[in-house]
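First the structure, in the form of structure tokens, and then the observations on it.
The values are calculated or read from the model by the stated rules, or taken from the named source; none is laboratory data. In this text the structure is predicted, and so the values were computed from the model without any measurement. Here the Cβ positions follow ideal geometry from the backbone for every residue, glycine too, while neighbour counts run over all protein chains shown. To get the accessible areas, we keep the full protein, side chains included, count just its heavy atoms, and leave off ligands, DNA and RNA. Shrake-Rupley method; radii C 1.70, N 1.55, O 1.52, S 1.80 Å.
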There are 2 protein chains.
Amino acid sequence: MAKSTISLDEIDRRILRALQQDGRIAVTLLAEQVGLSATPCLRRIRRMEEAGVIARYTAVVDPTRVGLPIQAFVQVALSSHAEEVAAAFHRALEARSEVVAAYAMSGGMDYMLHVVASDFEAYAEFALKALLRMPGVKETRSSFVLMALKPPGAVPI
Amino acid sequence: MAKSTISLDEIDRRILRALQQDGRIAVTLLAEQVGLSATPCLRRIRRMEEAGVIARYTAVVDPTRVGLPIQAFVQVALSSHAEEVAAAFHRALEARSEVVAAYAMSGGMDYMLHVVASDFEAYAEFALKALLRMPGVKETRSSFVLMALKPPGAVPI
DNA sequence: CCTGAAATTGCCGCTAA
DNA sequence: TTAGCGGCAATTTCAGG
């Protein structure tokens, strides 16, 4: 896991597509699909893992099935952009597991957060007690997910 | 993969945590970690897969390493909320692989899209030629990702 | 292609309602 | 007693050299 872009040929891309579609596919089967034998196929996978192209493997858990039916996107503006304030805010985000993704953004608001919660009460607790009290937070704007039309999926390769 | 919420005990949750952390972990090892033998552990995994708790397994590909360094969140408002218009819009979204995630939202804007692109030109092409011409689209507002602080990660269980 | 390890399945035993 | 759950052991398939 390091460095910049490495070059990928068509076979690498096929491997990535297959692994995005099924992260637990057997290497043997995958090799067959991409027209390789298992050994070189595995070598390519390892190479992409080490280059950070494949960041990790994960089971995609449906939040609505595990008691987390509330999802929100929250835009956050900081009052200060001093490095120290930003760093403290980042640490505060790291510590909250409700925040499943966080991005620094261009434009009016400084951050975009993706948050899950078990109910509105839990969400309110997070928004009012945790988020608004994080270092430097000036303003937040929450929008709730009504329906996931296209759940986080594969990157086009 | 169907139905509503099934009940999960502490062992199920441990399994989910481990599988979110490493989607390719060997069942044998996982079983050991959660204090079971492989057979019941695998049975629980299968049960959660079938219940849709585990939606799928995937390799997490870093878009910046595969030539897709531009990411944006786009809010979209439709001019009509007629079911037919919305359905056509949903289909149009499905067809665009740049759209890696899409949600119907509460509040001012109707949708939130997560979009990846190879460069600003490609993004502009998508935004102007594709998105703005999708059925019913009235207004869009794009914000670009400057940095992923917390890349899409595990749901807290 | 080969060897050890893992996944999977059948079968049995235990426990609680 | 029966439904549910866990474990052992045998078999098939896979990972990695």
Tell me the accessible surface of B:Met48 in square angstrom (1.4 angstrom probe, heavy atoms of protein chains only), to the nearest ten. 0
In whole Hz, what ³J(HN,Hα) sequence does the range B:78-87 give by Karplus (6.51, -1.76, 1.60; θ = phi - 60°), x for Gly and Pro? 9, 7, 9, 10, 4, 4, 5, 5, 4, 4
Report, by chain and number, residues whose modeled amide H sits under 5 Å from the one on A:Arg56, excluding near sequence neighbours (fewer than 5 apart, same chain). B:Val60
Quote the FRET efficiency, to the nearest 0.05, computed for A:Ala88 versus B:Ala154 with a Förster distance R0 of 25 Å and r equal to the Cβ-Cβ distance. 0.60
Keeping the other protein chains in place, figure out the carbon and sulfur percent of the accessible area of the range A:43-89, with a 1.4 Å probe. 51
Any idea what Rg and Dmax come out to for the range A:71-137 if you just take the C-alpha atoms, in Å? 11.4, 34
Peptide-level mean, for B:137-144, of C-beta atoms on other protein chains within 10 Å: 2
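With a 1.4 Å probe and all protein chains kept in place, how do A:Val34, B:Val27 rank by accessible area, largest first?
Ranked list, largest accessible area first: B:Val27, A:Val34.
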The range A:10-50: relative contact order in percent, alpha carbon pairs under 8 Å with at least 6 residues between: 33
Diffusion coefficient, µm² s⁻¹, Stokes-Einstein with Kirkwood Rh over alpha-carbon pairs of chain B at 10 °C and 1.306 mPa s: 87
HN-Hα J couplings of the range B:113-127 from phi, Karplus 6.51/-1.76/1.60, θ = phi - 60°, integer Hz, Gly and Pro as x? 10, 10, 10, 10, 8, 7, 6, 5, 4, 5, 5, 4, 4, 4, 5
If you bin every alpha carbon distance in the protein assembly as shown into 20 Å steps from zero, what whole percent lands in each bin? 29, 60, 11
Which whole-Hz couplings ³J(HN,Hα) result when phi for each residue of the range B:32-40 is put into the Karplus expression 6.51 cos²θ - 1.76 cosθ + 1.60, θ = phi - 60°, listed in order with x for Gly and Pro? 4, 4, 9, x, 9, 8, 4, 4, x
Between A:Ser106 and A:Arg46, what is 0.36 nm times their sequence separation minus the Cα-Cα distance? Round to one decimal in nm. 18.1 nm
In the full protein assembly as shown, how much of B:Lys129 is accessible to a 1.4 Å probe, in Å² to the nearest 10? 110
How many square angstrom of accessible surface are buried between B and A, both sides summed, with a 1.4 Å probe and rounding to 100? 5900
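Just to confirm a number: summing +1 for Lys and Arg and -1 for Asp and Glu over residues other than B:Lys129 whose beta-carbon lies under 12 angstrom from that of B:Lys129, what do you get?
On the way: positive: B:Arg96, B:Arg133; negative: B:Glu98, B:Glu121, B:Glu125.
Cβ neighbours under 12 Å give a net charge of -1.
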Excluding near-sequence neighbours (fewer than 8 apart on one chain), the protein assembly as shown holds lysine pairs with C-alpha atoms under 21 Å apart numbering 9
Relative contact order for chain B: what percent, with Cα pairs under 8 Å and sequence separation of 6 or more? 26
Hey, can you grab everything whose amide H is under 5 Å from the amide H of B:Leu78? Only 5+ residues off in sequence or another chain; H modelled, so Pro and N-termini drop out. B:Asp110, B:Lys138
For residues of B:95-107, the mean tally of beta carbons on other chains within 10 Å: 6
Cα centroid separation - the range A:43-88 against the range B:1-48, whole Å: 22
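Quick one: order A:Met147, A:Met134 from most to least accessible surface, probe 1.4 Å.
Descending accessible area places them as A:Met147, A:Met134.
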Order of exposure, largest accessible area first, which applies to B:Ser37, A:Ser7 with probe 1.4 Å: A:Ser7, B:Ser37
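To one decimal place, what Kirkwood hydrodynamic radius in Å is obtained for the range A:1-46 from all pairs of distinct Cα atoms?
Radius from the Kirkwood sum: 10.9 Å.
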